[in-house]
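K.L.:
Please see the structure below; I have some questions.
The values are calculated or read from the model by the stated rules, or taken from the named source; none is laboratory data. For clarity, every value in this text was computed on a predicted model and none was experimentally measured. As a convention, Cβ positions derive from the backbone with ideal geometry for all residues, glycine included, and neighbour counts pool all protein chains shown. Areas reflect the complete protein model, heavy atoms only, side chains present, ligands, DNA and RNA absent. Shrake-Rupley method; radii C 1.70, N 1.55, O 1.52, S 1.80 Å.
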Protein chains: 2
Amino acid sequence: MRVRLTIEYDGTNYGGWQRQHNAVTVQEKLEEAIFASTGERVTCTASGRTDAGVHAMGQVVSFETNTAIPAEKLSFVLNTHLPEDIRVMDSAAAPGDFSARFGAKGKTYRYSIFCGRHSSPLRARTHYCIHVQPDIEKMRETARFIVGTHDFRAFCASGSAAKTTVRTVYAVEIFSEGPCIYIEVTGNGFLYNMVRIIAGTLIAVGIGKLTPEEVRRAIEARDRTLTGVTAPPQGLCLLRVYYDERELAERGYKE
Amino acid sequence: MRVRLTIEYDGTNYGGWQRQHNAVTVQEKLEEAIFASTGERVTCTASGRTDAGVHAMGQVVSFETNTAIPAEKLSFVLNTHLPEDIRVMDSAAAPGDFSARFGAKGKTYRYSIFCGRHSSPLRARTHYCIHVQPDIEKMRETARFIVGTHDFRAFCASGSAAKTTVRTVYAVEIFSEGPCIYIEVTGNGFLYNMVRIIAGTLIAVGIGKLTPEEVRRAIEARDRTLTGVTAPPQGLCLLRVYYDERELAERGYKE
């Protein structure tokens with residue numbers, strides 16, 4: 001049976017999603033919990049990797065199992081074997097050809113920023129604390145240049161193995177809530193570090209280090225040296241993965 | 001000089017505000033930071049104690065010092081000596097007779113609840129995770145009985161040394177945000193555990209264990225055995241302390 005899990009994790013204490021030798025990862029913890037629950041050694045596929053320190057509320061994972069545990073009960077069993085900072089929020093049977101990775105039609109990430117003279121203890125794990133007040137209108141003006149189908153090479157970390165750097169960003173929504181600013185980016189796929197570079201670039205515009213026009217030109221020039229720094233991981237959270245193009249369209253996420 | 005600090009803390013790792021022998025407390029960490037910054041051993045006064053595990057965004061603290069560091073620079077100096085989960089967000093000189101405790105005219109607390117089948121890793125430090133969906137309208141109906149000047153003995157933990165159990169609650173605001181419910185309570189003062197018992201009681205009504213009418217009668221009877229359990233500490237956060245009655249009134253917080 002193919003199983004689809006929706007998982008949430010506080011990425012603070014992990015070396016990201018993907019298994020590696022020199023850090024504890026979410027994939028490793030999840031596969032260990034599956035082994036403890038079913039006796040099976042499986043390899044899980046996530047919708048995409050998340051980096052060290054990045055969080056997820058709606059990461060989707062798929063794997064194949066012969067367990068007799070009904071798919072919808074698996075979340076409860078797995079959670080008894082998972083550390084508190086990783087939880088399976090939902091488990092369900094999926095079509096035999098379902099792949100969390102290759103079936104993904106779109107994703108929404110949120111980047112969270114706290115603005116204040118001092119960093120905020122209650123937001124330090126989940127927000128990037130900056131000590132200036134960005135101009136949100138300038139950030140929104142810049143966001144309009146990012147939305148659409150572009151070659152996003154200017155927003156891609158070097159060392160990426162992506163075949164093409166063309167992606168479609170459906171929406172970049174920026175809103176403030178008290179001393180915090182949230183950037184929600186929805187697209188059909190993202191390059192390595194793309195959302196963190198978008199966040200770093202929008203912040204740079206908000207605090208006057210770049211102009212909206214300079215970012216527009218950086219996109220055109222496909223030049224990573226002209227965009228902002230990669231914002232730190234703790235501000236990033238994978239909110240949702242979409243597997244149905246109709247659902248994306250219904251939310252207004254289309255080209 | 002009398003100094004007024006506004007501090008924020010993640011209470012997870014502390015035995016509450018007040019110094020004690022068998023736990024690390026916020027007061028101890030703050031007084032150590034003051035000693036490291038000024039060389040003076042002072043005793044800080046907070047607007048009120050917070051229990052073990054309870055958080056604060058706007059706790060107010062006062063103390064007397066002879067330091068040459070200007071009051072408004074103290075926050076920056078103190079923060080270099082504080083652990084990351086405690087931060088002085090603001091420091092200012094205050095009138096010589098200012099007392100964070102005796103000058104407090106009112107306080108707002110927030111109680112945060114996450115509702116879902118599984119607990120939420122990203123909210124586990126700051127929300128009480130419950131596995132049912134409460135009826136918010138029933139909670140609001142009950143909140144109306146709590147607002148006003150009452151003898152709140154039914155919402156006071158035993159062992160409280162309060163001279164009188166009469167308090168005025170100006171407002172109980174309940175709102176939902178996605179899978180979360182927030183209860184914000186503003187009053188002129190609170191008995192020991194009062195906000196956590198209000199939260200536990202409103203949740204009990206929301207999930208059908210108590211009726212609004214039963215809570216109304218419990219208040220009248222001043223009977224702690226008729227109200228709900230004390231909700232756990234991690235959901236509670238001291239948001240704000242008011243020292244100016246005019247400010248309270250301007251926000252609509254009055255009898």
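Per-residue answers, yes or no, for (1) of a type outside the set (A, V, I, L, M, F, W, C); (2) over 30 Å from residue B:4 (Cβ atoms); (3) touching a residue at least 24 places away in the same chain (Cβ under 8 Å):
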{"site": "B:107", "(1), (2), (3)": "yes, no, yes"}
{"site": "B:120", "(1), (2), (3)": "yes, yes, yes"}
{"site": "B:167", "(1), (2), (3)": "yes, no, yes"}
{"site": "B:191", "(1), (2), (3)": "no, no, yes"}
{"site": "B:195", "(1), (2), (3)": "no, no, yes"}
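K.L.:
Out of all the residues in segment B:106-119, which are more than 7 Å from every other protein chain (Cβ to nearest Cβ) and either in a strand (DSSP E or B) or polar (S, T, N, Q) (or both)?
P.N.:
The answer is B:106, B:107, B:108, B:109, B:110, B:111, B:112, B:113, B:114, B:115.
K.L.:
Would you confirm whether any residue within segment B:231-248 is farther than 25 Å from residue B:50 by Cβ, within 22 Å of the chain's Cα centre (by Cα), in the same structural domain as residue B:136 (by TED's automatic domain parsing) and of a type outside the set (S, T, N, Q)?
P.N.:
Among the residues of segment B:231-248, at least one is farther than 25 Å from residue B:50 by Cβ, within 22 Å of the chain's Cα centre (by Cα), in the same structural domain as residue B:136 (by TED's automatic domain parsing) and of a type outside the set (S, T, N, Q), which makes the answer yes.
K.L.:
On to the next question. Keeping to segment B:59-105, report how many residues are in a loop (DSSP other than H, G, I, E, B), more than 14 Å from chain A (Cβ to nearest Cβ) and of a type in the set (D, E, K, R). First the steps, then the outcome.
P.N.:
Initial filter on segment B:59-105 (in a loop (DSSP other than H, G, I, E, B)): B:65-70, B:80-85, B:95-105.
From what's left, more than 14 Å from chain A (Cβ to nearest Cβ): B:65-70, B:95-105.
Now drop any that are not of a type in the set (D, E, K, R), which leaves B:97, B:101, B:105.
Of the residues in that region, 3 qualify.
K.L.:
Return the total of residues in segment B:1-37 being more than 15 Å from the chain's Cα centre (by Cα), among the polar types (S, T, N, Q), more than 19 Å from residue B:234 (Cα to Cα) and surrounded by 19 or more Cβ atoms within 10 Å (Cβ to Cβ).
P.N.:
Residues flagged as more than 15 Å from the chain's Cα centre (by Cα), among the polar types (S, T, N, Q), more than 19 Å from residue B:234 (Cα to Cα) and surrounded by 19 or more Cβ atoms within 10 Å (Cβ to Cβ) within segment B:1-37 amount to 1.
K.L.:
Residue A:163 - would you say it is outside any helix (DSSP H, G or I), free of Cβ contacts under 8 Å to residues at least 12 places away in the same chain, open to solvent by 60 Å² or more (accessible area, probe 1.4 Å) and among the charged types (D, E, K, R)?
P.N.:
The answer is yes for residue A:163.
K.L.:
To continue, here is another question. Restricting to segment B:56-84, count the residues that are touching a strand residue (DSSP E or B) at 6+ places or on another chain (Cβ under 7 Å) and surrounded by fewer than 16 Cβ atoms within 10 Å (Cβ to Cβ).
P.N.:
The qualifying residues number 2.
K.L.:
Filter segment B:222-247 for residues that are of a type in the set (Lys, Arg) and either farther than 18 Å from residue B:8 by Cβ or loosely packed, with under 15 Cβ neighbours inside 10 Å (or both) and give the result.
P.N.:
B:222, B:224, B:246
K.L.:
Given the conditions (1) assigned to a helix (DSSP H, G or I); (2) among the β-branched types (Val, Ile, Thr); (3) under 23 Å from residue A:238 (Cα atoms); (4) over 15 Å from the mean Cα position of the chain (by Cα), which single one is not true for residue A:225?
P.N.:
(3)
K.L.:
For the subset of segment A:62-77 comprising residues that are touching a residue at least 40 places away in the same chain (Cβ under 8 Å) and within 25 Å of the chain's Cα centre (by Cα), which member is nearest to residue B:117 (Cα to Cα)?
P.N.:
Here the residue is A:75.
K.L.:
Would you check if residue B:177 is farther than 22 Å from residue B:237 by Cα and among the charged types (D, E, K, R)?
P.N.:
no
K.L.:
Another question about this same structure. I'm checking my understanding of the structure. Among residues of segment A:120-145 that are within 14 Å of chain B (Cβ to nearest Cβ) and among the small types (Gly, Ala, Ser), which one is most open to solvent (accessible area, probe 1.4 Å)?
P.N.:
A:124
K.L.:
One residue is enough: does segment B:173-181 have a residue meeting the conditions among the aliphatic types (A, V, I, L, M) and within 30 Å of residue B:122 (Cβ to Cβ)?
P.N.:
Taking every residue of segment B:173-181 in turn, at least one turns out to be among the aliphatic types (A, V, I, L, M) and within 30 Å of residue B:122 (Cβ to Cβ).
K.L.:
Evaluate segment A:239-246: report whether one residue or more is in contact (Cβ under 8 Å) with a residue 60 or more places away in the chain and within 14 Å of chain B (Cβ to nearest Cβ).
P.N.:
Within segment A:239-246, one or more residues are in contact (Cβ under 8 Å) with a residue 60 or more places away in the chain and within 14 Å of chain B (Cβ to nearest Cβ).
K.L.:
Given the condition out of contact with any Phe, Trp or Tyr (no Cβ under 9 Å at 6 or more places or on another chain) and in a helix (DSSP H, G or I), answer yes or no: does some residue in segment A:8-16 qualify?
P.N.:
Yes, there is a match, as at least one residue in segment A:8-16 is out of contact with any Phe, Trp or Tyr (no Cβ under 9 Å at 6 or more places or on another chain) and in a helix (DSSP H, G or I).
K.L.:
Which condition does residue B:48 not pass, out of (1) at pLDDT 95 or above; (2) away from chain A (no Cβ under 13 Å); (3) in contact with a Lys or Arg (Cβ under 9 Å, 6 or more places away or on another chain), if it passes all the others?
P.N.:
(1)
K.L.:
Are any residues in segment A:99-119 buried (at least 18 other Cβ atoms within 10 Å of the Cβ), over 28 Å from residue A:176 (Cβ atoms) and not aliphatic (A, V, I, L, M), and if so, which ones?
P.N.:
Selection gives A:103 alone.
Condition check ((1) surrounded by fewer than 18 Cβ atoms within 10 Å (Cβ to Cβ); (2) in a loop (DSSP other than H, G, I, E, B); (3) of a type in the set (Asp, Glu); (4) modelled with pLDDT under 95) across all residues:
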{"position": "B:170", "(1), (2), (3), (4)": "no, no, no, no"}
{"position": "B:181", "(1), (2), (3), (4)": "no, no, no, no"}
{"position": "B:184", "(1), (2), (3), (4)": "no, no, yes, no"}
{"position": "B:201", "(1), (2), (3), (4)": "no, no, no, no"}
{"position": "B:205", "(1), (2), (3), (4)": "no, no, no, no"}
{"position": "B:209", "(1), (2), (3), (4)": "yes, yes, no, no"}
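K.L.:
Residue check: is residue B:150 in a loop (DSSP other than H, G, I, E, B) and either open to solvent by 10 Å² or more (accessible area, probe 1.4 Å) or under 21 Å from residue A:237 (Cα atoms) (or both)?
P.N.:
no
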